[in-house]
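Beneath this line is the structure, given in structure tokens, with notes to follow.
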Amino acid sequence: MTGAPAVQFRNIVKAYGAKRALDGLDLALEKGKVTALLGPNGAGKTTAVSLMLHLTKPTSGEVTVDGLAPGRKELKERIGAMLQDTAAPDGLTVRETLQLFRSYYRNPLALDRLLQIAGLDKEKNRRAASLSGGQKRRLAFAVALAGDPDMIVLDEPTVGMDVESRSRFWEVVRALASSGRTILLTTHYLEEADAVADRIVVIAQGRLVADGTPDELKASMPMRSLSFKARRMPAEQELLALPGVQEARVSGAFAHLKTKDTDALLGLLLGSDWGVSDLQIQSASLESVFRQLTETNNGKEKESDQ
Amino acid sequence: MRGFKAQFTAECIRIARSPFFMLFSVLMPLAFYSLFTMLNGADAKIGDVSWGGYSLMSMTAFSLIGTAAGQFGIRLSHERKDGLTRLLRLTPLSTGAWVLAKLVSHLLIHAAIIAVMFVFSALVFGTEMPAGTWVMCGLWLLIGSVPFLALGILIGTIKSTDIATAVSNVVYMGISVAGGLWMPLSSFPGWMQKAGEWLPSHAYADGAWSLLEGQPAIAGNLLLLLSYGIGFLMLSAWILNGREAG
């Protein structure tokens, strides 16, 4: 970790009536890194974002942004945010909307740059309200960047974006990250988090359940899958009898195994007389790690309820 | 105050570009003014004043009530629903600058409406009055529109934009008719006259009528309007605070 954390959540509880959206969240976000906050719906992602943006206050615990209480004006100059379900002001064109938001900040990004980021240069004189769903999201992104923020918060940014908008969007996010900006994004698109984030924080039921780089999270997944072709394919029972194999399935010329210890298994397979070829080892997809983590957590919750 | 100028300009553009603005703030009041004035005759007397002047005050007041309470309220409700209010809280724009931009932009648009109505009346129906009376009536209508902006804030607290639109239309039409803006209160049954006199719409128009008559009844009407304005603001603050806490 370099220097003081950009954002710090200390033992945050946020209760809405009897429901706890966040239930003792401890989290520190590093400066200059892209952190993805992952979790199923209702996990508390948006609540966490709202707290650091001062849109809501914690029931207990403390949030600080650069050591300051959220909502300070000097922080507002430096934080840009893209929230969910936000429309542009009606009656204004794309250009007028961006100019309006630029006027709020001391050192705004150039209008041309914002139009380019949004990919809306051709649409700049169109009413913002008449844009397509994907274009509106891109405009919202440009609005978030109007003040040239060094901290960027993106709450489910790609929801409603088409494929083209999405890839363009991640390109810009990567460029912003490489220029040293701190980025926090929430998403439930795991492949996106995998591709763009330096660090993934998984929360479920308002608690942190996993935290690490995408590779670390994948490595923490115990099961790996291994597949191979065989000239003389053994029966599934035979494969299951191999040491460490948890699951075995034969389909066509291929056998698919799941195991904890691929190294030991490799030696056995290559030493066998099955004529093994086309060996492939895959670590668990992030998707399955994620599912396992959040399901385990849900399971615990259900048990404790009973 | 940075951001105020841009916010003010944007608010003016948004009001003027609203499809409701042309129709409900300009065309409809002009059409009804023309209709009533032609039916009654511009020179017909109501009390000591000509119908052409009397109805001008009524219909200008009607237009401004619709603009200030109705369209302003509906826009606020939309801004809340669209997440714009939330988004603005994240920017360095101060709440004070935002409120002031809304207020001043509305006052400018209101002044323009007054000018259009007055010029139309003078040109088309040959309405005549001393220059001072034109100015005083115009100023009264402008200042008196402020409490209706407070009513707009109250309507703007309604979460559903559909309900806000419906409430706004019922309220602004209702208080306009019941306040004697469409036909004089004297044509109503006694109990409706008594109730109508206490409506902010009546106090608003009555101030302008009294200026026409040359017997200004400003203080009482202003006090009533002010009380309503403060009441609307307090009620809005109570609703919004309750929501924040919940």
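The values are calculated or read from the model by the stated rules, or taken from the named source; none is laboratory data. Only a predicted model underlies this, so the values are computations on that prediction, with no experimental measurement involved. Neighbour counts run over all protein chains shown; Cβ positions are idealised from the backbone, glycine included.
Just for strands (runs of 3 or more DSSP E) wholly inside the stretch A:151-228: which have at least 2 residues that are of a type in the set (S, T, N, Q)?
A:182-187
Residue under question is A:Leu131, and the condition is that it be on the phi < 0 side of the Ramachandran plot and out of contact with any Asp or Glu (no Cβ under 8 Å at 6 or more places or on another chain); does it hold? Give the derivation first.
Details: on the phi < 0 side of the Ramachandran plot: yes; out of contact with any Asp or Glu (no Cβ under 8 Å at 6 or more places or on another chain): no.
Criteria not met by A:Leu131.
Output yes when any residue across the stretch B:216-228 is under 27 Å from B:Ile74 (Cα atoms), modelled with pLDDT under 95, surrounded by fewer than 16 Cβ atoms within 10 Å (Cβ to Cβ) and in contact with a helix residue (DSSP H, G or I) (Cβ under 9 Å, 6 or more places away or on another chain), and no when none is.
No, the stretch B:216-228 contains no residue that is under 27 Å from B:Ile74 (Cα atoms), modelled with pLDDT under 95, surrounded by fewer than 16 Cβ atoms within 10 Å (Cβ to Cβ) and in contact with a helix residue (DSSP H, G or I) (Cβ under 9 Å, 6 or more places away or on another chain).
Identify the residue in the stretch A:52-91 that is of a type in the set (Gly, Ala, Ser) and touching a helix residue (DSSP H, G or I) at 6+ places or on another chain (Cβ under 8 Å) and, among all such residues, is nearest to B:Ala10 (Cα to Cα).
Residues of the stretch A:52-91 that are of a type in the set (Gly, Ala, Ser), as a first pass: A:60-61, A:67, A:69, A:71, A:80-81, A:87-88, A:91.
Next, only the ones that are touching a helix residue (DSSP H, G or I) at 6+ places or on another chain (Cβ under 8 Å) stay: A:80-81, A:87-88, A:91.
Working: A:Gly80: 21, A:Ala81: 21, A:Ala87: 16, A:Ala88: 12, A:Gly91: 9 Å.
Ranking the candidates gives A:Gly91 first.
Working carefully through the options B:Trp191, B:Trp209, B:Trp198, find the one that is out of contact with any Asp or Glu (no Cβ under 6 Å at 6 or more places or on another chain) and in a loop (DSSP other than H, G, I, E, B).
Among B:Trp191, B:Trp209, B:Trp198, only B:Trp198 is out of contact with any Asp or Glu (no Cβ under 6 Å at 6 or more places or on another chain) and in a loop (DSSP other than H, G, I, E, B).
Condition test on A:Val7, is it touching a residue at least 12 places away in the same chain (Cβ under 8 Å), surrounded by 23 or more Cβ atoms within 10 Å (Cβ to Cβ) and β-branched (Val, Ile, Thr)?
yes
Scan the stretch A:118-138 residue by residue and report those that are within 15 Å of A:Ala81 (Cα to Cα) and away from every other protein chain (no Cβ under 12 Å).
Answer for the stretch A:118-138, where residues must be within 15 Å of A:Ala81 (Cα to Cα) and away from every other protein chain (no Cβ under 12 Å): A:Ala118, A:Arg137, A:Arg138.
In this structure, does A:Leu154 turn out to be within 30 Å of B:Phe4 (Cβ to Cβ) and under 19 Å from the mean Cα position of the chain (by Cα)?
yes
Return only the number of the condition from (1) hydroxyl-bearing (Ser, Thr, Tyr); (2) in contact with a His (Cβ under 6 Å, 6 or more places away or on another chain); (3) within 14 Å of another protein chain (Cβ to nearest Cβ) that B:Thr91 does not satisfy.
The number of the failed condition is (2).
Step by step: first the residues of the stretch A:142-166, then only those that are within 18 Å of A:Ala195 (Cβ to Cβ) and in contact with a Phe, Trp or Tyr (Cβ under 7 Å, 6 or more places away or on another chain), then the one that is surrounded by the fewest Cβ atoms within 10 Å (Cβ to Cβ). Which residue is that?
A:Met161
For the stretch A:65-80: of the residues being charged (D, E, K, R) and assigned to a loop (DSSP other than H, G, I, E, B), which is surrounded by the most Cβ atoms within 10 Å (Cβ to Cβ)?
A:Asp66
Taking the stated definitions as given, is A:Leu37 within 14 Å of chain B (Cβ to nearest Cβ) and of a type in the set (A, V, I, L, M, F, W, C)?
When the stated conditions are applied, A:Leu37 does not pass them.
Has the stretch A:44-64 got at least one residue that is modelled with pLDDT of 90 or more, part of a loop (DSSP other than H, G, I, E, B) and away from every other protein chain (no Cβ under 14 Å)?
yes
Name every residue in the stretch A:174-206 that is more than 17 Å from A:Leu29 (Cβ to Cβ) and in contact (Cβ under 8 Å) with a residue 12 or more places away in the chain, in order of residue number.
Matches in the stretch A:174-206: A:Arg174, A:His188, A:Tyr189, A:Leu190, A:Glu191, A:Glu192, A:Asp194, A:Ala195, A:Ala204, A:Gln205, A:Gly206.
Might you check whether a residue that is small (Gly, Ala, Ser), within 14 Å of chain A (Cβ to nearest Cβ) and more than 17 Å from the chain's Cα centre (by Cα) occurs anywhere in the stretch B:9-22? Quick ask: steps written out before the conclusion?
Start the filter on the stretch B:9-22 by keeping residues that are small (Gly, Ala, Ser), which leaves B:10, B:16, B:18.
Applying the additional criterion that residues be within 14 Å of chain A (Cβ to nearest Cβ) yields B:10, B:16, B:18.
Those still in the list that are more than 17 Å from the chain's Cα centre (by Cα) too: B:10.
Looking through the stretch B:9-22, at least one residue is small (Gly, Ala, Ser), within 14 Å of chain A (Cβ to nearest Cβ) and more than 17 Å from the chain's Cα centre (by Cα).
Pick out the one residue from A:Arg95, A:Arg106 that is within 14 Å of chain B (Cβ to nearest Cβ) and part of a loop (DSSP other than H, G, I, E, B).
When all the criteria are applied, what remains is A:Arg106.
If the requirement is being in contact with a strand residue (DSSP E or B) (Cβ under 7 Å, 6 or more places away or on another chain) and crowded, with 19+ Cβ neighbours inside 10 Å, which of these qualifies: A:Leu98, A:Leu120, A:Leu83, A:Leu139? Give the derivation first.
On the way: A:Leu98 fails: in contact with a strand residue (DSSP E or B) (Cβ under 7 Å, 6 or more places away or on another chain); A:Leu120 fails: in contact with a strand residue (DSSP E or B) (Cβ under 7 Å, 6 or more places away or on another chain); A:Leu139 fails: in contact with a strand residue (DSSP E or B) (Cβ under 7 Å, 6 or more places away or on another chain).
Just a single option satisfies the conditions, and that option is A:Leu83.
Determine, yes or no, whether B:Gly73 is touching a Leu at 6+ places or on another chain (Cβ under 8 Å), buried (at least 19 other Cβ atoms within 10 Å of the Cβ), at pLDDT below 95 and away from chain A (no Cβ under 11 Å).
no
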